[in-house]
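Questions regarding the structure given below will be posed in turn.
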Amino acid sequence: MTVVIGFEGSANKIGIGIIRDGEVLSNPRRTYITPPGQGFLPSDTARHHRAVILTVLKEALEQAGLKPADIDCVAYTKGPGMGAPLVTVALVARTVSQLWGKPLLGVNHCIGHIEMGRLITKANNPTVLYVSGGNTQVIAYSERRYRIFGETIDIAVGNCLDRFARVIKISNDPSPGYNIEQMAKKGSQYVELPYTVKGMDVSFSGILSYIEDAAHKMLSSGQCTAEDLCFSLQETLFSMLVEITERAMAHCGSQEVLIVGGVGCNLRLQEMMGVMCKERGAKLFATDERFCIDNGAMIAQAGWEMFRSGQVTELKDSWITQRYRTDEVEVTWRD
């Protein structure tokens, strides 16, 4: 049996999870929440992580009923993400690895999401839509790499939603995306927004600029409600994502779609993707907020796969990087 502990803290979530041969033993998490209308700055987020990380570590071990001696490997998020929070988590993981005398493993955050999704849903070889606050990619596995078939050419879909939430002062608790999703359910009027798909890629910055500029005018003149804008933004963004996912499926001859990343828990996105999959006779796989939102168990699971295939990270190589593409990693654990 192989037991791996995973440390995740690339953005405003700090999570530590423990995996034993595909079983999630513990997965506690904390979120840094800012007031409405504000985002989270790297230095403030890192300060939050530093304040709670040892408490979360203690919780992870207690919930799993394990001692440090029971751990076989310490995995941490190497990147991509925000610099200061990544450094905070890497420092703790490095220290723990040395104190406990355990091997260390730097994990690609995106691959953590994919491997957790595969573990939980039992999807075999899906086309992956990875959607979060920092990333938007359509991915498929081929020849020891997770290949990126399409991606955003500017900002991520989650970033677009978060920044729109700031414009109309939607609460960040539990997350701006969740609150937009709830408001969108009450929207009834569709407001036409720019729709920007460029081949396999998407662009969200133009939509954001348009809706930032138009929101207050439309709301103050009574043309539509805030709920209508939330509904319209979701419908437009998610239609673009479904389109490029379907194109990647056709290209790969795939009959499975796996949605991962924080935006992946949005039930409207899952519903729209489900309609497309049904029309193609394909299967849709998705996880709930325990595993699609950043968490430690996903880093532990990717670390488990990497460790079992013979990978370790030497101390001198245990740095972090804010830019770390999904297709840079050699996938040694899949055929």
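The values are calculated or read from the model by the stated rules, or taken from the named source; none is laboratory data. Predicted model, so just to flag it, every value in this text is computed and none were measured. A quick note on method: Cβ atoms are made from the backbone with ideal geometry, for glycine too, and the neighbour counts reach across all protein chains shown. Surface areas here come from the heavy atoms of the whole protein model, side chains and all, with no ligands, DNA or RNA. Shrake-Rupley method; radii C 1.70, N 1.55, O 1.52, S 1.80 Å.
For the structure I just gave you, tell me whether Val89 is in a helix (DSSP H, G or I) and closer than 28 Å to Leu258 by Cβ.
For Val89, the condition - in a helix (DSSP H, G or I) and closer than 28 Å to Leu258 by Cβ - is met.
Just to be sure, is Gly112 closer than 30 Å to Ile244 by Cα, under 17 Å from the mean Cα position of the chain (by Cα) and either part of a loop (DSSP other than H, G, I, E, B) or modelled with pLDDT under 95 (or both)?
So Gly112 does not fit the description; no.
Let me ask something additional. So which of Ala60, Ala69 is open to solvent by 20 Å² or more (accessible area, probe 1.4 Å), within 20 Å of Leu99 (Cβ to Cβ) and either assigned to a strand (DSSP E or B) or in contact (Cβ under 8 Å) with a residue 12 or more places away in the chain (or both)?
Result: Ala69 is the single residue among Ala60, Ala69 that is open to solvent by 20 Å² or more (accessible area, probe 1.4 Å), within 20 Å of Leu99 (Cβ to Cβ) and either assigned to a strand (DSSP E or B) or in contact (Cβ under 8 Å) with a residue 12 or more places away in the chain (or both).
Going by the structure shown, is Leu258 outside the structural domain of Gly83 (by the TED database), part of a helix (DSSP H, G or I) and open to solvent by less than 60 Å² (accessible area, probe 1.4 Å)?
Considered against the rule, which asks whether it is outside the structural domain of Gly83 (by the TED database), part of a helix (DSSP H, G or I) and open to solvent by less than 60 Å² (accessible area, probe 1.4 Å), Leu258 comes out as no.
Further question: Does Phe291 meet the test of being among the aromatic types (Phe, Trp, Tyr), in a helix (DSSP H, G or I) and either crowded, with 22+ Cβ neighbours inside 10 Å or not assigned by the TED database to the domain that holds Leu57 (or both)?
The answer is yes for Phe291.
Something else now. Could you look through region 14-28, keep only residues that are in a strand (DSSP E or B) and more than 12 Å from Phe291 (Cβ to Cβ), and pick out the one that is most open to solvent (accessible area, probe 1.4 Å)?
By that ranking, first place goes to Glu23.
I've got another one for you. Within region 189-226, how many residues are out of contact with any His (no Cβ under 9 Å at 6 or more places or on another chain) and open to solvent by 40 Å² or more (accessible area, probe 1.4 Å)?
Residues meeting the conditions: 21.
Determine whether Arg280 is open to solvent by 30 Å² or more (accessible area, probe 1.4 Å) and in the same structural domain as Tyr130 (by the TED database).
Considered against the rule, which asks whether it is open to solvent by 30 Å² or more (accessible area, probe 1.4 Å) and in the same structural domain as Tyr130 (by the TED database), Arg280 comes out as yes.
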